[in-house]
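Please read the structure below before turning to the comments.
The values are calculated or read from the model by the stated rules, or taken from the named source; none is laboratory data. Values in this document were obtained by computation on a predicted structure and should not be read as measured data. Ideal geometry is used to build each Cβ from the backbone, glycine not excepted, and the neighbour counts take in all protein chains shown. Note: accessible area is taken over every heavy atom of the protein model, side chains too, but ligands, DNA and RNA are not part of it. Shrake-Rupley method; radii C 1.70, N 1.55, O 1.52, S 1.80 Å.
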Amino acid sequence: MLTPLEWEALTLSLRVSGVAVAAILLPGLGMAYVLARFDFPGKALVDGIVHLPLVLPPVVVGYLLLVSLGRQGSLGQWLHETLGVSLPFTWQGAALAGAVMAFPLLVRAVRLSLESVDRKLEEAARTLGASRWKTFLTVTLPLILPGILTGGVLAFARSLSEFGATITFAANIPGETRTLPLALYSLVQTPGKEAAAARLCVISVVVALIALVASEWLARRARRRLEGRHA
Amino acid sequence: MLEAQVFQRLGDFTLDTSLTVPAEGVTALFGRSGSGKSSLIRLIAGLGAPEAGTIRLGDTWLVDTQRRRWVPPHRRQLGVVFQEARLFPHYSVRGNLRYGMPRAARTDFDDLVELLGIGHLLSRTPGRLSGGEARRVAIGRALLSRPRMLLMDEPLTGLDGARKQELLRYIRRLARDTGVPILFVSHDTREIGALADRVALIEEGRVLASGPVDEMFARLDLGPRTGRFEASSLLEARIVAHDEALCLTRLALPGVIEGETLSVARLDGAVGDAVRLRLRARDVGVASTQTPPLPDVACLPATLREIGDEAHGPFVEVMLDVGGQALRARLTREAVGQMGLYAGQALQARLRSVTISRHDVIVT
């Protein structure tokens, strides 16, 4: 059904986005918790930096990544020399670009659901002998699960559709960083490949739809458990 | 025993008071809304920290600001029942009950579930419970955490009359059967009359007085605070007979000669059971000892103990002694003058049976 090239682009896309979301899940949860629950000087600044990728042109984000994590960048140089890791022009680099772009969406969704959690339930848990940590795991976390799911799928979709930052930071290397949008872009640039481009278009739409439907289904299931229509 | 001495400013409100709760029975913390009773409960539970003060439970210091000691709420071993039930929506009733339950308390589970009458609810989720059921589960959940004391913050708020009555009975039973001391916050004199052994009166962030419930109810000087119109006395009595045909129960007061019974609507208790009666001062009248009996009116031999010192207004409150128990009566100033009442005088306390409703009698 799919040509080897399409298959390659699709699996690469899924892998890059999967790794991106997995990598930001915990930091995103932590950042959302800090922003939702604590007041500290410079909070507005932190909030702004987290949300910057939402409003910056993605190319700028990619360029900043390249400048800081490239071989010439101070951070990139350190990574290369101490850990032997080089991110630009690799699929891990593409995942990083996707992660940075998706981070604010995840934080936003989790933060919103954290803010809607009834703090009184957490108080009740504390009086029942639960430490802060146990309260978080047994009360807060289950209550924000729908928000985490929604945010996770949103981040996954954002990472899947990432183009500007990826092509700037990780370039467009077949089999390494040529994800679906990049493959589509290459086909559009090539005369006579309109049909192949159309096929990729359809694949992208189908993947996005599946993600959205799955997230909706999961979130509804989780909400139903909370409202108690199921035991 | 719990001893708290705390100081805390909350906006322009200051809580600055001390409170002692004995290690047994039900102690009511009584005050209007905004008097600081909920804030005090939160400090005791550890959901807030006082600016200065100490809180001690038995020989454990929970708070001592001078020694920078503050035990976090989960290590205080205090059960809290909040105004809203605060059940966890993502656990079943059983899950909620077990949330804070230590291994050692497993054997209590079945007994408590039965005592609270929530056995048929165990697999339900909290969203499908009625208000009264949810409160009962919340009480069970708090008790199963094996608390050294149970704090209840107006747990009856928002329930209708029948549910309230039912929950009151459960709480009374708990206090008697589990032996866990209860600190009960309320602004309702009827709830307190039904439940409390002791009362602490709080106003504007300060506990003004505390003592046994009958004494507190009887103290004339607290009248304006408990609400003069609702002013009442609490009396202990005993069921001596039921009259099934007339649907009446006869009650005898201790220290009052046989025959002088009080008739009330048929009660559930058995003959010999103790009951607690709440009699409103405005329903009690006095008459001289020679006055002939009237049908439907109980005549209890009484001694006038004290005449209230209100200087103005149409009404005066007098305190009577009925077989050693304090009974307050509300009279017109006119009647006090016409009858020439004086302290120490022998009188009859008169009370129409129909003024005592079922809600005013608690079988204990």
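Scan the range B:104-145 residue by residue and report those that are within 24 Å of B:Q77 (Cβ to Cβ), more than 9 Å from chain A (Cβ to nearest Cβ) and not in a helix (DSSP H, G or I). Result: B:I118, single match.
Residues in the range B:150-186 that are closer than 17 Å to B:S39 by Cα and in contact with an Asp or Glu (Cβ under 7 Å, 6 or more places away or on another chain): B:V185, B:S186.
Considering the range B:32-91, the qualifying strands (runs of 3 or more DSSP E), each wholly inside and each with 1 or more residues that are in contact with a Pro (Cβ under 8 Å, 6 or more places away or on another chain), run over B:60-64, B:78-81. The requirement of being part of a helix (DSSP H, G or I), free of Cβ contacts under 8 Å to residues at least 40 places away in the same chain and among the acidic types (D, E) is fulfilled nowhere in the range A:7-19; no residue meets it.
State which residue is surrounded by the fewest Cβ atoms within 10 Å (Cβ to Cβ) when the search covers only the range A:150-184 and only residues that are in a helix (DSSP H, G or I) and touching a Lys or Arg at 6+ places or on another chain (Cβ under 9 Å).
Initially, the range A:150-184 is screened for residues in a helix (DSSP H, G or I), giving A:150-160, A:164-169, A:180-184.
Add one more test, that the residue is touching a Lys or Arg at 6+ places or on another chain (Cβ under 9 Å), and what stays is A:151, A:154.
Working: A:G151: 28, A:L154: 19.
Checked the range A:150-184; the qualifying residue surrounded by the fewest Cβ atoms within 10 Å (Cβ to Cβ) is A:L154.
Restricting B:R94, B:R75, B:R69 to residues that are more than 20 Å from B:F184 (Cα to Cα), in contact with a Phe, Trp or Tyr (Cβ under 7 Å, 6 or more places away or on another chain) and open to solvent by 40 Å² or more (accessible area, probe 1.4 Å) narrows the list to B:R69. Only one of the listed residues (A:L75, A:L26, A:L54) is open to solvent by 70 Å² or more (accessible area, probe 1.4 Å) and modelled with pLDDT of 95 or more. That residue is A:L26. Could you please find all residues in the range B:54-82 being more than 14 Å from chain A (Cβ to nearest Cβ) and over 20 Å from B:P22 (Cβ atoms)? If the condition is that a residue be more than 14 Å from chain A (Cβ to nearest Cβ) and over 20 Å from B:P22 (Cβ atoms), then B:D64, B:T65, B:Q66, B:R67, B:R68, B:R69 are the ones that fit. Taking residues in the range A:34-59 that are aromatic (F, W, Y), and partners anywhere that are open to solvent by 40 Å² or more (accessible area, probe 1.4 Å), the pairs with Cβ atoms closer than 9 Å and at least 6 places apart or on different chains are A:F40/A:V34; A:F40/A:V46.
So is A:L145 within 14 Å of chain B (Cβ to nearest Cβ), within 24 Å of the chain's Cα centre (by Cα) and crowded, with 16+ Cβ neighbours inside 10 Å or not?
On the way: within 14 Å of chain B (Cβ to nearest Cβ): yes; within 24 Å of the chain's Cα centre (by Cα): yes; crowded, with 16+ Cβ neighbours inside 10 Å: yes.
Yes.
Taking the range B:310-364 as the region of interest, none of the strands (runs of 3 or more DSSP E) fully inside it holds 2 or more residues being aromatic (F, W, Y) and modelled with pLDDT under 85. Checking the conditions here, which among B:A49, B:A45 is open to solvent by less than 50 Å² (accessible area, probe 1.4 Å) and within 14 Å of chain A (Cβ to nearest Cβ)? Going through B:A49, B:A45 in turn, just one is open to solvent by less than 50 Å² (accessible area, probe 1.4 Å) and within 14 Å of chain A (Cβ to nearest Cβ): B:A45.
Which members of the range B:146-187 meet the condition of being charged (D, E, K, R) and either modelled with pLDDT of 85 or more or in a helix (DSSP H, G or I) (or both)?
The answer is B:R146, B:R148, B:D153, B:E154, B:R163, B:K164, B:E166, B:R169, B:R172, B:R173, B:R176, B:D177.
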